[in-house]
Structure formats: structure tokens, C-alpha cells
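Working notes, beginning with the structure itself.
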Amino acid sequence: MVPKPNYSGKPPVEDLFSDLCDGRRLLELLEGLIGHELVRLERGTTRVHSLNNVNRALQILQKNNVDLVNIGAADIVDGNHKLILGLIWSIILHWQVCLRMHA
């Protein structure tokens, strides 16, 4: 299988659940959707650093009026599959609606 080209310069997401658990990829995704640099990532590898990154991402989503029902930072860091998929779905819906409203 030939890998798809990556135009962002970032490594591709291999496993959605493990790649999002530290919050870094989630913040990178939001930067791409919003179109500018948002916050400085915490580079540490401890649970506290991961929780801080995910909390920043969730705050950004709330500021952009993305519906986050019962999704907390600990759920993402712990790799809760249902809530991670719910979060991704909420992001997709929000930005699809925004794009259609601007068109």
C-alpha cells in the first residue's frame, strides 16, 4: 500500500486513540482548522502535561461553540474510545456546518 502524501509536514495519525491521548495532535488539528497558531504545547510526557494539552484543546473547542457533552480531558488521555470518537464527530460536524454557512 502506498502512503498518501502528507502536506502538513506532521506525521500521519496511525492510531486515533493513542495518538490523541497526549493532546498534541488534537491541538495541531485545531490549529489547522482555525488557521493560526493557538497555544504553546506542553512537551513533557507525564499525565499532567497530557491533561493540560487536552484541557487547552477542549477550551478552544468550547470558545468555538463546539458541543462537548460529557467529554473531559481525562477521558481523552485515558483513551476512552466512545468519547474520543464523539469528540472527533463533534469537530467534524461543527466545521462542516461552519463551512456550509460561509458558502
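The values are calculated or read from the model by the stated rules, or taken from the named source; none is laboratory data. Since the structure is predicted, the reported quantities are computational estimates derived from the model, not experimental observations. Cβ: placed from backbone, ideal geometry, glycine included. Neighbour counts: every protein chain shown. Areas reflect the complete protein model, heavy atoms only, side chains present, ligands, DNA and RNA absent. Shrake-Rupley method; radii C 1.70, N 1.55, O 1.52, S 1.80 Å.
Quick notes
- Surface calculation, 1.4 Å probe, protein heavy atoms: Val13 sits at approximately 70 Å² accessible.
- Other residues with beta-carbon under 11 Å from the beta-carbon of Leu38 carry, at +1 per Lys or Arg and -1 per Asp or Glu, a net charge of 0.
- Calculated FRET efficiency for the pair Glu14/Gln62, C-beta based, R₀ 35 Å, to 0.05: 0.80
- Order of exposure, largest accessible area first, which applies to Glu28, Glu14 with probe 1.4 Å: Glu14, Glu28
- Within the chain, the longest run free of exposed loop sites, counting trypsin sites (Lys or Arg not before Pro) that sit outside DSSP helix and strand states (H, G, I, E, B) and have at most 10 other Cβ atoms within 10 Å, spans 44-103.
- Spacing of the two label points (7 Å from each Cα toward its C-beta) at Arg40 and Val97, in nm: 3.5
- What the Kirkwood sum gives for the chain is a hydrodynamic radius of 14.3 Å, with every pair of different alpha carbons counted.
- Computed 3J(HN,Hα) for region 36-45, one whole-Hz value per residue from the Karplus formula 6.51 cos²θ - 1.76 cosθ + 1.60 where θ = phi - 60°, is 8, 5, 9, 9, 7, 6, 7, 8, x, 10, glycine and proline marked x.
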